[in-house]
Amino acid sequence: MSLSIYNARLLDPASNLDEVGAIYVDRGKFKEISAGQTTPHEDAKASIDAGGLCLAPGLVDLRVKTGEPGIEQKETLATASRSAVAGGITSLVVMPDTKPVIDDMALVRFITERAKSSAAARIYPAGALTTGLKGEAMAEIGLMANSGAIIFTNGDLPVTNASILKRAMAYAGSLGATIMSRPDERALSGSGVMNAGKLAGRMGLSGIPVEAEWIGAMRDTVLAEATGCTLIMDQVSTTRTIEIAKAARARGATIFTTAAAHSFFFNELDVGDYLTYCKVNPPFRDEETRLGLIDALKRGEIDAVVSAHDPQPPEEKRLPFGEAAFGAAGLETVLPAMLSLVHDGPLSLLEALAPVTCRPADMLGLPQGRLAENAPADLILFDPGKPWLCEREHLRSRSTNSPFDGRRLQGRVLRTFVGGEEVFTHESIS
Amino acid sequence: MTRAAYHYSFDHEHLLSIEGLSPLDITHILDLADRYAEATRAGIRPDPVLKGKVVVNLFFENSTRTMSSFEIAARRLGADVISMPVAASSVKKGETLIDTAMTLNAMKPDALIVRHSASGGPKLLSRKVDCAVINAGDGTHQHPTQGLLDTLTIRRAKGRIEGLKVVICGDIAHSRVARSTTQALHLMGAEVHLCAPRTLLPSGTETWGAASATTDFDKALKGADIVMMLRLQLERMDGAFLPSRREYFSFFGLTKDRLALAKPDATVMHPGPMNRGIEIESAIADGEQSVITEQVEMGVAVREAVLHLLAGGRT
């Protein structure tokens, strides 16, 4: 089935393209990217007049939690992918923190198979770095990699024992596997529930100090350098962490950094009256840090932006702040959060798209995330200016714990295609 | 000739925090509490303004003192009181909180008095119920009636609040009393100085209204009108936050010599229960300058006033 989409504003960060033109898709792949062309391709069986909408690669999200297997009341691969494609995300890396933990090859295959039969987007399982995510014994990294695990991570609870992490890095590095780890010295962040500081003190909540992230980052980068393992520093929340990554890179380590889309949008004050939807880890930091992260993103120092999607049902969130679960549903708000940095911030559209398309794809060695001949035809059509009110009850995720609930956002995905097939159409079109 | 109209009404639905109260609100509560205190001293039974009302004490944390104080206050005003110490069971505390709140709410009480180990717990509960919620202490956040009773005790001892130098010493970091009392006294014009070992002194105390925060108790005491000592949880003194009890007493214990650094007529306070010989010498706790038992007495009076205003029809 061939498809032509014309009269679109083509946005491709990988080739720095921002021009009106047309694309031609055949058998799931881009066959032609034609800047300047405003008419349909003559061989196309179907064609769409984009009417000037933006056409960009589908988003690639490196950090998504679902509840499948075992915690399906939170989210399944099917519901997560439905929410993802509505937010323009066409490739998702799903975390291993499920029940059971994804720590062997059968479970990796289970995720892949379930995704094939139920998911609207491309799903890539992340394997557990340690058995049961307990941080005690290395999981079968090689076998899982052969079965399709794309990265290895200990998920929300990074390995505390430096010796175990070092060996896991050395082993994974020798196989060419990539490790993703959130920088966190848990002895310091321990019982914390929000950003440490004046506000936490006044609210009587225990804080997560920035030092916990810095010390974690220093440890992880030193070990990555020593072992030669490729490390993705998961969800950095301060600018100094980015400096630590830069310093390690200058010494020859292969290090990437990611940040959660919501960390560019919220600061600690949004916790307000103990709003548990704003309880995330790493926590929303102070305003100066938020602005610093935006600057770092503008300079290209944050390699990828992730949704950090972490669905939590009401029973996990309708609790006193200290007892509520961490995590925010984020799949449908990544693009609007990034576009807010275009509308109200310093980024260009291409700068806002690069960390959610080609850069994460490159980190994983994936061919998508770009408008390029023979790349998978994963694409979105979006209206960057379309205003909408984010209402929890209209989100498609099974859990709707979004800190964006009640916020006015600008920019909406109208159509999403995976491998040339339309998987999402906004109700305003159909 | 026209007369300037002045109208004040106490229009708070709940008492969850000192934050949100105005100096006028506090004065209003203290004036009413003062009248209740005098009535009790004179042996006069107050008007049963809570007659027919149901007040529920919901304590998720053990507290004999505060729970009895609220219970006596509510009974004096004629309320029917049910006290429910909800033991910290194997059930997850938060589930108990919301579920218990919904269940109790269906029974239509007129006021819920809540103590919970989580900061913000009573606030969460107040969103789910239709009656007045009074925070009787939440985690390390607030204990508003304690802040009010401290303020009343000081006003009675000194005849004023404005311009007084108050020193609060002890575990500031984990103290909801320090937060509420500092805010209340600051609102009423006192100058509050906080003092603690560095590990128990959080940043940002200026946002509570504190004039200073220091680790030098002796220096802080100079010229103090009021010295308030806070209870230090014994388990915090064994190496985690402090090296030892004797080291704490040596630097932060209130002794006779130390008290001499304050004004000669300085008043000594403690929200109780005390660790005698650790944060305060017995001789001082029981001495002439101490108003510690009056604090307990004012506790009942303040709680009568608060219950009256929130559950007994507005005046």
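The values are calculated or read from the model by the stated rules, or taken from the named source; none is laboratory data. Note that the coordinates shown come from a computational prediction; the quantities given were computed from them, not determined experimentally. Here the Cβ is made from the backbone with ideal geometry for all residues, glycine too, and neighbour counts use every protein chain on show. For the accessible areas, the whole protein counts, side chains as well, though only heavy atoms, and no ligand, DNA or RNA atoms are used. Shrake-Rupley method; radii C 1.70, N 1.55, O 1.52, S 1.80 Å.
Points worth noting:
- Every pair of residues 6+ apart whose Cβ atoms lie under 8 Å, when the first sits in the range B:89-105 and is under 16 Å from A:F321 (Cα atoms) while the second is at pLDDT below 80 and surrounded by fewer than 12 Cβ atoms within 10 Å (Cβ to Cβ): B:T96/B:S89
- Any hit, the range A:112-123, residues being within 14 Å of chain B (Cβ to nearest Cβ) and open to solvent by less than 70 Å² (accessible area, probe 1.4 Å): no
- Residues in the range B:154-167 that are in a helix (DSSP H, G or I) and touching a strand residue (DSSP E or B) at 6+ places or on another chain (Cβ under 8 Å) were compared, and the one that is nearest to the other protein chains (Cβ to nearest Cβ) is B:I154.
- The range B:106-130, subset open to solvent by 10 Å² or more (accessible area, probe 1.4 Å) and touching a residue at least 60 places away in the same chain (Cβ under 8 Å), residue nearest to the other protein chains (Cβ to nearest Cβ): B:K123
- Pairs meeting the criteria (first residue in the range B:198-212 and away from chain A (no Cβ under 12 Å), second residue open to solvent by 60 Å² or more (accessible area, probe 1.4 Å), beta carbons under 7 Å, at least 6 apart or on different chains) are B:R198/B:T215; B:T199/B:F241; B:A211/B:E191.
- Every condition in (1) at pLDDT 95 or above; (2) over 19 Å from B:P122 (Cβ atoms) is met by B:A5 except one, and the failing one is (1).
- When we screen A:L379, A:L395, A:L409, A:L371 for residues that are surrounded by 20 or more Cβ atoms within 10 Å (Cβ to Cβ) and touching a Cys at 6+ places or on another chain (Cβ under 7 Å), the only hit is A:L409.
- The residues of the range A:291-325 that are open to solvent by 50 Å² or more (accessible area, probe 1.4 Å) and away from chain B (no Cβ under 14 Å), listed by number, are A:L291, A:D295, A:K298, A:R299.
- Among the residues of the range A:242-265, none qualifies, meaning not one is within 24 Å of the chain's Cα centre (by Cα), within 14 Å of another protein chain (Cβ to nearest Cβ) and open to solvent by 20 Å² or more (accessible area, probe 1.4 Å).
- Residue that is nearest to the chain's Cα centre (by Cα) [pool: residues in the range B:168-179 that are farther than 15 Å from B:A220 by Cβ and more than 10 Å from chain A (Cβ to nearest Cβ)]: B:V177
- Candidate set from the range B:256-277 (those that are closer than 17 Å to B:A196 by Cβ and not aliphatic (A, V, I, L, M)); member that is surrounded by the fewest Cβ atoms within 10 Å (Cβ to Cβ): B:R258
- Matching residues in the range A:182-219 - criterion: being within 14 Å of chain B (Cβ to nearest Cβ), buried (at least 22 other Cβ atoms within 10 Å of the Cβ) and either in a loop (DSSP other than H, G, I, E, B) or of a type in the set (F, W, Y) (or both): A:V193, A:A196, A:G204, A:L205
- Taking the numbered list (1) farther than 19 Å from A:L205 by Cα; (2) surrounded by 24 or more Cβ atoms within 10 Å (Cβ to Cβ); (3) within 14 Å of chain A (Cβ to nearest Cβ) in turn, B:T151 passes all entries but (3).
- Unique residue being basic (K, R), more than 18 Å from A:A84 (Cβ to Cβ) and in contact (Cβ under 8 Å) with a residue 24 or more places away in the chain when the list is A:R408, A:R370, A:R396, A:R412: A:R370
- If the condition is being of a type outside the set (K, R), in contact with a Leu (Cβ under 9 Å, 6 or more places away or on another chain) and under 19 Å from B:A101 (Cβ atoms), then the range B:23-70 contributes B:V55, B:V56, B:N57, B:L58, B:F60, B:F70.
- Among (1) crowded, with 24+ Cβ neighbours inside 10 Å; (2) closer than 30 Å to B:A260 by Cα; (3) more than 11 Å from chain A (Cβ to nearest Cβ), the one test that B:Q183 misses: (3)
- Exclusive hit being open to solvent by 10 Å² or more (accessible area, probe 1.4 Å), under 16 Å from the mean Cα position of the chain (by Cα) and touching a residue at least 24 places away in the same chain (Cβ under 8 Å), set A:D61, A:D97: A:D97
- Considering the range A:143-174, the residues that are more than 14 Å from A:D220 (Cα to Cα) and among the hydroxyl-bearing types (S, T, Y) include one that is nearest to the chain's Cα centre (by Cα), namely A:S147.
- Odd one out for B:M228, checked against (1) open to solvent by less than 20 Å² (accessible area, probe 1.4 Å); (2) modelled with pLDDT under 95; (3) of a type outside the set (V, I, T): (2)
- Considered as a group, the residues in the range B:94-105 that are open to solvent by less than 80 Å² (accessible area, probe 1.4 Å) and within 12 Å of chain A (Cβ to nearest Cβ) include one that is modelled with the lowest pLDDT, and that residue is B:G94.
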